[in-house]
Amino acid sequence: MDKQRVAVGSKISLIAKPPYLKTADPMPMLRPADILEIGEEGTVMDRRPGGYWGVKFARGTFLMESQYIALLTSQESSHTVT
């Protein structure tokens with residue numbers, strides 16, 4: 001994923017499942033990866049140290065590495081109003 005183009009509020013899609021998910025809570029917890037499905041869309045909430053992005057999905061906010069997410073264009077988003 002191109003780190004230059006990603007900003008807070010960017011829409012992303014999950015392209016691969018990590019072995020587990022880490023919540024973006026003040027006291028992070030590990031969650032099973034089957035909470036999210038490949039292709040699920042989320043919104044970038046913030047940039048975290050160590051190469052992580054705080055991404056809000058419908059089922060929670062998780063810390064995601066760039067290798068698991070891809071930036072969506074406005075045409076790809078399922079939330080686009082026509």
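The values are calculated or read from the model by the stated rules, or taken from the named source; none is laboratory data. Just so it is clear, the model here is predicted, and its values are computed rather than measured. Neighbour counts run over all protein chains shown; Cβ positions are idealised from the backbone, glycine included. Quick note on the areas: whole protein, heavy atoms, side chains included, nothing else; ligands and nucleic acids left out. Shrake-Rupley method; radii C 1.70, N 1.55, O 1.52, S 1.80 Å.
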Mind checking which residues of region 25-66 are open to solvent by 20 Å² or more (accessible area, probe 1.4 Å), in contact with a strand residue (DSSP E or B) (Cβ under 7 Å, 6 or more places away or on another chain) and of a type in the set (A, V, I, L, M, F, W, C)?
M29, L30, I35, I38, M45, L63
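Using the structure shown, decide if G9 is touching a Leu at 6+ places or on another chain (Cβ under 9 Å) and loosely packed, with under 11 Cβ neighbours inside 10 Å. Full working, then the answer.
Details: touching a Leu at 6+ places or on another chain (Cβ under 9 Å): no; loosely packed, with under 11 Cβ neighbours inside 10 Å: yes.
When the stated conditions are applied, G9 does not pass them.
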